[in-house]
Amino acid sequence: AKAGAGKDTFYQYFKDKQELFLECADHVFYDIGKDDPSIRDEQDGQKRLWNRAYSFHHGYLHMIDMLNLARGVSATRDSRFEQMLENIMKNLIAPIEEDLLMASRQGQIHFKDVRGLAHLLMGSSEYFSYYRQIHPGKFSDDSLAKAWDIIMHGLSSAQGSGVAGGTKADRNLF
């Protein structure tokens, strides 16, 4: 009623509230870079990843709240919501994976499991966004750049690029 539409109008377009939620999820989760020329047109894989991360943290944090809602409703075991969550994850991860493959072909990263790395980067972005929500005054572009540097170059500046420590497991990933 507040939107100026009655229930009858609403149900002409959507069978129920769940169907509306599914429709909203389809529109919220899309390739962040498809409409952003700084991502879409960038030919350097690592720069493209950076532009995607920067864009996400400056304009798409609402996606985290929607992702949490999607996770919650997928727990109902309704196959529509389980499929929705699967599609959401695919829409979030696939562009990151494509950027990583580009960077790999360009010799900028050396990681065998690019899909796993794409999930790791998405998870890092998600948890960094939670940090921003909890500590809004502590976020800056500098903190995003520092987090990016740690992810792309490891924790040990003495090691340079790669993983600090160089364990046997690392050789299986890099």
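The values are calculated or read from the model by the stated rules, or taken from the named source; none is laboratory data. Worth saying up front: this structure is predicted, and the values here are computed from it rather than measured. Methodologically, a virtual Cβ is constructed for each residue, glycine included, from the backbone with ideal geometry; neighbour enumeration extends over all protein chains shown. With ligands, DNA and RNA removed, areas are computed over all heavy atoms of the protein, side chains included. Shrake-Rupley method; radii C 1.70, N 1.55, O 1.52, S 1.80 Å.
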Exercise. Applying the selection to the stretch 21-67, what residues are polar (S, T, N, Q) and within 15 Å of the chain's Cα centre (by Cα)?
Worked result: Asn51, Ser55
Exercise. Within the group Ala169, Ala118, Ala145, Ala103, which residue is among the aliphatic types (A, V, I, L, M), over 14 Å from Lys47 (Cα atoms) and at pLDDT 85 or above?
Worked result: Ala118
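Considering only the stretch 117-129, state which residues are more than 10 Å from the chain's Cα centre (by Cα) and surrounded by 13 or more Cβ atoms within 10 Å (Cβ to Cβ). Spell out how you get there, then give the answer.
First, the residues of the stretch 117-129 that are more than 10 Å from the chain's Cα centre (by Cα): 117, 127-129.
Once the filter is applied, which keeps residues that are more than 10 Å from the chain's Cα centre (by Cα) and surrounded by 13 or more Cβ atoms within 10 Å (Cβ to Cβ), the stretch 117-129 yields Leu117, Phe128, Ser129.
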Seminar exercise, completed: Only unsatisfied item for Ala70, checking (1) under 30 Å from Lys17 (Cβ atoms); (2) free of Cβ contacts under 8 Å to residues at least 24 places away in the same chain; (3) open to solvent by less than 40 Å² (accessible area, probe 1.4 Å); (4) small (Gly, Ala, Ser), is (2)
Exercise. Looking at (1) open to solvent by 20 Å² or more (accessible area, probe 1.4 Å); (2) free of Cβ contacts under 8 Å to residues at least 24 places away in the same chain, can you tell me which one His62 breaks?
Worked result: (2)
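Answer yes if at least one residue in the stretch 85-98 is closer than 21 Å to Leu121 by Cα and touching a Ser or Thr at 6+ places or on another chain (Cβ under 8 Å), and no otherwise. Spell out the reasoning first.
Filtering the stretch 85-98 down to residues closer than 21 Å to Leu121 by Cα leaves 85-98.
Filter again for touching a Ser or Thr at 6+ places or on another chain (Cβ under 8 Å), leaving 85.
Yes: the stretch 85-98 contains one or more residues that are closer than 21 Å to Leu121 by Cα and touching a Ser or Thr at 6+ places or on another chain (Cβ under 8 Å).
Taking the stated definitions as given, is Gln18 polar (S, T, N, Q), under 16 Å from the mean Cα position of the chain (by Cα), at negative phi and outside any loop (DSSP other than H, G, I, E, B)? Lay out the reasoning, then the answer.
Numbers: polar (S, T, N, Q): yes; under 16 Å from the mean Cα position of the chain (by Cα): no; at negative phi: yes; outside any loop (DSSP other than H, G, I, E, B): yes.
Taking the combined requirement at face value, the residue does not satisfy it.
Step by step: first the residues of the stretch 78-111, then only those that are among the polar types (S, T, N, Q) and farther than 28 Å from Asp26 by Cα, then the one that is most open to solvent (accessible area, probe 1.4 Å). Which residue is that?
My answer is Gln106.
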